Amino acid sequence: MTNVLAVAVDAALVDRITAIRDHRVVSIGRENVDAIRADVPFHPDLILIGDGLTPEQATRYAQRVLSEYPSMVIALVAEPDRDRIREATHAGMRGVISNAISDHELANLIARAGASAPVDAITGGLHQVIVVASPKGGVGKTTVSVNLAALLAERSPGAVVLLDLDLQFGDVSSVVDLQPEFTAAEAFDSGAADSMLLRTLLTPHPAGFHILCGADHPAAAGPVTGDQVRKLVRQFANDFQYVVVDTSAGMQEETLASLEEATDVAFVGTMDVATLRNLRKEIDVLAELGLLPERRHLVLNRMDRFSGLTQRDAENIVGMHADALIPAAANIPLAANHGRLAIQERKRNKMRQPLEKFVRAISAQTRRGGKHL
Ligand SMILES: Nc1ncnc2c1ncn2[C@@H]1O[C@H](COP(=O)(O)OP(=O)(O)OP(=O)(O)O)[C@@H](O)[C@H]1O
Ligand SMILES: [Mg+2]
């Protein structure tokens, strides 16, 4: 049971809230705001502040409530643009929701506020954080991340988030041809305080997953600490069944921090000795640092007949069995250049099958409880 207090919220939205089951709603108009006192018998779990209050009144009201109840969940109902989000979070509110929020999301929001759920409560402990990593650039991390997220979303629509953690040159948005309104820069700026706010920063992909896109300019990212990354990944893991993390080449601080929260790591290698040896070194260092997640996978990408290396050779160099073998295929960059997903290509699709096998391997290991090198 969740208690919702709607303050100066538009009547149509109050009606929609009232229609959702398993909670109580008290709606008050602008004129009664000052009458609500701390000792009223109705103690809300969630307060929604509507556009019946001016932004200044909303801020004052939120601050007054929070001074007495610091952990109260308060959201502003407004068009979630950058400035409103900044103002609201600055005032201690957890986020901004649009009047046009879907019934489903509204119900989720209310259920979550009532549960004040710890990590794992929502995803039933079955969430997977899959970090896609490699010591080398250009090996296909982003290609694998994007298509993996899309494939997981085919199985679990709405339950997948892709986090672009290549903070300087993240290019997920251009690979999928979306113009994000918000990026990871805003998520870190806001302190990733709350899942409600984070959701407003995500860009939906038509294939049924959400993306937190990388900053649109290297300078916009600003300094990000490992703590901020861990917190962000944890928030996502709380809300989504699958968190796919695309990283930049090498062992950047943010990559290491995301690995601390990971259940799975997918190492991507191409068929050249230098890359594969470096991959082995990276794995050794991560093991020494105690940062290897429980489940590790190897994806061999851009496989062709010309490298002079067999799958077995590559596995021996890395010291791991490969869970996915993706051939080199001209239509993979072609798809990316046109903002399409390689797994959705109709002709000569070389991506879908290996990634489906990969997803089966990931799920099987989850059920069995992991594998070790
Ligand atoms: N199997 C493949 N066959 C052909 N081209 C591929 C394949 N996989 C990826 N590519 C292409 O290789 C290029 C690099 O891929 P991608 O951007 O995914 O690598 P990355 O590891 O994310 O690079 P960075 O480290 O720069 O972020 C892209 O143009 C991509 O389309
Ligand atoms: Mg990349």
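For this structure, a couple of remarks:
- For region 335-363 versus region 165-186, the spacing of their alpha-carbon centroids is 21 Å.
- Farthest toward positive dipole pole in the chain [+1 Lys/Arg, -1 Asp/Glu at C-beta], among 32, 318, 223: 318
- Charged-residue dipole, Cβ positions (Lys, Arg, Asp, Glu), the chain about Cα centre, Debye nearest 20: 1520 debye
- Each residue in 298, 309, 48 was given a count of other beta-carbon atoms within 10 angstrom of its own, and listing them fewest first yields 309, 298, 48.
- Region 302-320-region 61-107 distance, computed between alpha-carbon centres (Å): 52 Å
- Positive-end residue of 18, 102, 287, charge dipole of the chain with Cβ unit charges: 287
- Reachable lysines from residue 136, criterion Cα separation under 18 angstrom, eight or more residues apart if same chain: 281
- Residue order, fewest to most beta carbons within 10 Å, for 244, 175, 273, 7: 273, 175, 7, 244
- Cut-off under 5 Å, modelled amide H: who pairs with residue 250 long-range: 134, 136
- Rounded FRET efficiency, nearest 0.05, which uses the C-beta distance separating residue 69 from residue 12 and R0 of 25 Å: 0.35
- Top positive-direction residue, dipole computed over the chain with Cβ charges, set 210, 153, 358: 358
- Within the chain, helix-based [θ] at 222 nm, where runs of 4 or more DSSP H residues each add -39,500 (n - 2.57), nearest 500: -11500 deg cm²/dmol
- Within the chain, the ratio Rg/Rh, alpha carbon atoms throughout and Rh by Kirkwood, equals 1.03.
Since every read-out is calculated from the coordinates, none of them should be taken as a lab result. As the structure is a prediction and not an experimental result, all values here were calculated from the model. Note that we place each Cβ from the backbone using ideal geometry, even for glycine, and neighbour counts take in every protein chain shown.
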